[in-house]
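**Student:** Structure in structure tokens, see below.
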Amino acid sequence: MLPGSPADPALRFRQLVSGADEEIDLAEGALLIAQSAYPDLDVPACRARIDDLARRLRAQVPEDSSGAQRILALNRFLFEQQGFSPNVENYFDPRNSFLNDVLERRVGIPITLSILYMEVGRRIGLQLHGVSFPGHFLVKCKLDDGTAILDPYCGGISLSLQDLQDRLREVRGGEVSRAIVAGMLVSANNREILARMLRNLKAIYLRCHEYARALVTIDWICAVSPRDPGEVRDRGQTYLKLECFRAALEDLERYLELAPDTEDADEVRAQVIELRRTAARLN
């Protein structure tokens, strides 16, 4: 596949995320990320599988069902009948971050299970939105009598405010007020969800020292968040690991332009000076 060709998933992904956020097809975005690892992946066929899951679930849900009843039906269908579950044994397997693998293997991590949960649930009329909660992606649903906070990684269970406080305390430590928790329950937009999905994948690749794969993933993150200084820096550092010195220099200089007063600015400036010397020797 030639870069920039109509079938190039990176090009299609850039087109997808360049438009209005509400017009971004979340399932397509997630599947394009998977296509970067599986070039022959049939994205429309995978989307059709999601449609089929929703069609089969819809047949079980009476038209007059309440929102709460639809949530229970969704949970029963996905996690009991279809057997989707968390991959607790191999959480850092990159396949957990690819929606096609989640559909095929029926295991995943919080963000991919949440995307599937939202995509199927929305097709049966539920108002579902992602929540970038620290440490663990969640889903919320607007109901007639309030808002339910749901955890697809744990079978779609509903979480109380106390549950959320306890979880946040595990991540941050110390006392966690209800106001702090409430402020973290804002809806994540489509770009934020795709970026978080990619950052999970990036962390997996860096953890395994798979720098070439990490570099591709960071490029995709930069397509979603082009002015994120941290991603520009991380791409530069990844280029450095791959001994692509000129590309590393360009990104690290750009990082200092975007965040001149950051805590690691002096360290990065020292790297830039050394990279300029290296680039001069390569000329």
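No lab work stands behind these numbers, since they all come straight from the coordinates. These numbers were taken from a predicted model, which means no experiment stands behind them. Note that we place each Cβ from the backbone using ideal geometry, even for glycine, and neighbour counts take in every protein chain shown.
**Student:** Which number do you get for Rg(Cα) / (2.2 N^0.38 Å) in the chain?
**Tutor:** 1.11
**Student:** On a 0 to 90° scale, report how tilted helix 190-207 is relative to the longest principal axis of the chain, with both axes built from alpha carbons and the result rounded to the nearest 10.
**Tutor:** 60 degrees
**Student:** Of all the C-alpha pairs in the stretch 130-183, what % are more than 12 Å from each other?
**Tutor:** Details: 943 of 1431 pairs.
The calculated P(r) of the stretch 130-183 puts 66 percent of pairs beyond 12 Å.
**Student:** Students often check this: by mean Cβ neighbours within 10 Å, which of 177-188, 65-76 ranks highest, and how do the rest follow? Intermediate results must be reported in sequence, preceding the final value.
**Tutor:** Details: 177-188: 13.2, 65-76: 17.0.
Highest to lowest by the protection proxy: 65-76, 177-188.
**Student:** Treating the beta-carbon of each Lys and Arg as +1 and of each Asp and Glu as -1, no other charges, what is the dipole magnitude of the chain about its Cα centre, to the nearest 20 debye?
**Tutor:** On the way: 36 positive and 42 negative charges, 62 e Å.
Charge dipole, the chain, about its Cα centre: 300 debye, nearest 20.
**Student:** Follow-up. Express the relative contact order of the chain as a whole percentage, based on alpha carbon pairs under 8 Å and six or more residues apart in sequence. Show your work: numbers first, answer last.
**Tutor:** On the way: 353 pairs, mean separation 38.7, N = 283.
The value is 14 percent.
**Student:** Whole number please: convex hull volume per residue, Cα atoms of the stretch 87-150, in Å³.
**Tutor:** Values: hull volume 5.4 nm³, N = 64.
About 84 Å³ per residue, rounded to a whole number.
**Student:** Still on this model: May I ask you to evaluate 6.51 cos²θ - 1.76 cosθ + 1.60, the Karplus curve with θ = phi - 60°, for each residue of the stretch 143-148 and list the ³J(HN,Hα) values in order in whole Hz, giving x for glycine and proline?
**Tutor:** Along the stretch 143-148, the couplings run 10, 4, 10, x, 10, 9 Hz.
**Student:** Give, as a single signed number, the net charge of other residues whose beta carbon lies under 13 Å from the beta carbon of LYS142, with Lys and Arg counted +1 and Asp and Glu -1. Walk me through the numbers before you get to the answer.
**Tutor:** Values: positive: ARG70, ARG122, LYS140; negative: ASP144, ASP145.
In short, +1.
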